1. Going through region 89-101 one residue at a time, which ones are at pLDDT 95 or above and open to solvent by 30 Å² or more (accessible area, probe 1.4 Å)?
2. If the Cβ limit is 8 Å and pairs must be 6+ apart or interchain, which residue in region 24-52 that is farther than 17 Å from HIS68 by Cα and in contact (Cβ under 8 Å) with a residue 12 or more places away in the chain pairs with which residue that is loosely packed, with under 12 Cβ neighbours inside 10 Å and of a type outside the set (Phe, Trp, Tyr)?
3. For region 116-143: of the residues being over 11 Å from the mean Cα position of the chain (by Cα) and of a type in the set (S, T, N, Q), which is surrounded by the most Cβ atoms within 10 Å (Cβ to Cβ)?
4. State which residue is surrounded by the most Cβ atoms within 10 Å (Cβ to Cβ) when the search covers only region 44-88 and only residues that are under 11 Å from the mean Cα position of the chain (by Cα) and part of a loop (DSSP other than H, G, I, E, B).
5. Quick one: TYR23 ticks every box in (1) open to solvent by less than 40 Å² (accessible area, probe 1.4 Å); (2) under 14 Å from ARG76 (Cα atoms) bar one, so which box is it?
Amino acid sequence: MSARLFKDDVVFMQRLLKASGVYQGRIDGTWAAETESAVCRFEKESDLLKKSLGSFDLRSESHIAGLHLHAQAAARRFMRKLDDAGIAARIISGTRSYAEQNALFRRGRWGNPGPRVTNARGGGSSHNFAVAWDIGIFDRGNYIRAVGPYEKAAELVTDEKLEWGGDWLGFKDRPHFQMSTGLSIREVRERFEAGKPFLL
């Protein structure tokens with residue numbers, strides 16, 4: 001859950017808790033009783049969603065647990081559809097703190113090893129606001145890179161608030177799914193940082 005994912009970034013965690021409607025305190029980076037209580041409420045709500053919408057493999061669960069509560073529900077409904085369709089998918093990436101996003105952005109740039117995996121710096125990706133996740137589709141344990149299975153998975157999307165990265169006009173990110181906010185990424189960031197709701 002968020003307490004494990006973001007234990008070194010209390011401000012980020014408080015913003016996530018506020019965005020999910022379970023924390024009313026100040027965003028001050030201080031772990032106090034009010035933050036602890038909000039984490040407990042978040043975990044309780046997460047457990048209720050898990051019980052009502054189903055659970056999945058451990059890797060997927062670890063990433064679902066750090067999503068905004070509305071996104072958790074959407075991700076679970078989506079994963080159930082994939083499972084029912086016989087598509088062996090796992091959620092392989094979910095919420096990222098700004099620091100984690102910046103570390104990914106550095107890959108393949110300025111002499112750092114690895115291929116470039118994102119064009120977004122910290123605060124510039126929907127992953128930074130707990131509303132996006134990436135899936136991996138597997139065949140007998142082997143990760144599939146071919147386009148077809150991801151397009152097939154996207155065909156199962158019926159939630160009008162769920163967007164697929166494969167529909168983007170520029171960079172096609174077929175493993176990527178996210179909740180639509182109706183706002184620009186800048187507007188989402190401003191609301192997230194201010195502790196204001198942006199996903200209804």
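The values are calculated or read from the model by the stated rules, or taken from the named source; none is laboratory data. All values derive from a computational prediction rather than experimental measurement. Please note: Cβ atoms are built from the backbone with ideal geometry, for glycine as well, and neighbour counts cover all protein chains shown. Calculation scope for accessible area: heavy atoms of the full protein, side chains included, ligands and nucleic acids excluded. Shrake-Rupley method; radii C 1.70, N 1.55, O 1.52, S 1.80 Å.
1. Listed by number, the residues that qualify are ARG90, ILE92.
2. That search, which allows pairs on different chains as well, returns GLY25/ALA32.
3. Taking region 116-143 as the starting set, the residues that turn out to be over 11 Å from the mean Cα position of the chain (by Cα) are 116-124, 136-143.
Next, only the ones that are of a type in the set (S, T, N, Q) stay: 118-119, 142.
Numbers: THR118: 18, ASN119: 11, ASN142: 8.
Per the criteria, the residue is THR118.
4. Result: LEU67.
5. It is condition (2) that TYR23 fails.
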